Each structure stands twice: as structure tokens, then as C-alpha cells.
Amino acid sequence: MFQDEARFGRLSNPQRCWAPKPIRPLVTQGVVREYLYAYAAIAPADGRLDWLMVPSMQTSEAGNFLDLVAAKHPGEFVVMIWDGAPSHRSGELHVPGNMALVRLPPYAPELNPVEHLWDEIREKYFANRVFASLAAVSTQATTALATWGASPTAVQSLTGWPWII
């Protein structure tokens, strides 16, 4: 499985969008700096997606996510491939018994297929939107992750690169 985390928040990021001529689209912009974090692990071979929404990105949250993945795959040995984020390198990180961690090379996010999931979610669920509260951001991110999680074929198509499979 490949793992990564992403930050979602109320600080909007306006993007290009289509509108018929001669209409010029107006996009509001949010400037509140409130965030939450999503952890996701993908098995590109079969399209399984495990995810967790958390309020911060700390070692304890990373450990909780690893425990969640281990519990969802009790009869399997999971090789988790992830980056070298500070919360991933801590000596306090608890690794479940049915899991081994493998780090990606530094500064190589293009090797992690979960990055494509984040791109899709940001483009389809967050682009040109302003959220009234952090709860609304959480609802939107949860909807996006649940939608992707319910479609293993779409996840497999997005992340099942030939060199992984």
C-alpha cells in the first residue's frame, strides 16, 4: 500500500474554470486559515482505499492511522510505502505487527500514487469553493474520500501504474 496525507482547509485556491462566452465567472475567495488533515492508503493492485480525517499531523495521528489500516487488513502483511515526513520518522511511532514501513526517496512525490488522489479531490471537490466552517471542509473531504473508497475500479485506474502492478 502507498500512504500519504493532505491538508484541507478554508483558505481557498482559485483556479481556472469554464464559462460560456461572454460570461466571466466570479469566484469568491476564503482567507481563513483553518485546516484539517486526511490520511489515505491505497492498494493500487486492487483499488482498496483506507482513510482517516484528523485535526493535526502528528506522530500519534500517524500511529492511529497505521493501527486503523492494520485492523482493516488483519489476515494480511501490509508493506506501507510512504514519504519521510517528520511524523513518519519519529522514534515514538508505533508500527503494528502485521506491517512494515518503506520510505520513498526524499523529494520524490511523483513516485507516490496517492498524490494523484489528492489532485483529483482538490480539483473536483474543492476548486473555487469557500467553506463557512471547518465542519463543512470535513464534510466535503469525507464525501470525496468515501466516494473514491466506494469505487475500487476508479482508484485502481488512477493509481495502478505499470511499474507498481
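The values are calculated or read from the model by the stated rules, or taken from the named source; none is laboratory data. Bear in mind that the values here come from a model prediction, so they are computed numbers and not experimental data. Glycine also receives a Cβ, built like all others from the backbone with ideal geometry; neighbour counts cover every protein chain displayed. Just the protein is used for accessible areas: all its heavy atoms, side chains included, with ligands, DNA and RNA removed. Shrake-Rupley method; radii C 1.70, N 1.55, O 1.52, S 1.80 Å.
Per-structure values
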item	result
Cα long-axis angle, helix 59-72 against the chain (0 to 90 degrees, to the nearest 10)	70
Protein accessible area in the chain, 1.4 Å probe - carbon and sulfur %	56
Charge dipole (debye, nearest 20) of the chain; +1 at Cβ of Lys and Arg, -1 at Cβ of Asp and Glu	760
Cα point-scatterer Debye curve for region 57-144, base-10 log of I(q)/I(0) at q = 0.10, 0.11, 0.14, 0.20 Å⁻¹	-0.35, -0.42, -0.67, -1.10
Lys/Arg +1, Asp/Glu -1 at C-beta; the chain dipole; positive extreme among P22, L36, T153	P22
Residues in region 130-162 that a label on H116 would reach, taking backbone N under 20 Å of a point 7 Å out along Cα→Cβ	144-162
Hull-based mean projected area of region 70-114, where the convex hull spans the alpha carbons, in square nanometres	3.7
Total charge dipole magnitude, region 24-83, about the Cα centre, Cβ charges on Lys, Arg, Asp, Glu only, Debye to nearest 20	320
Among L52, V130, F65 - extreme Cα towards positive end, dipole of the chain, charges at beta-carbon	V130
Probe 1.4 Å, protein heavy atoms only - accessible area per residue of the chain in square angstrom	56
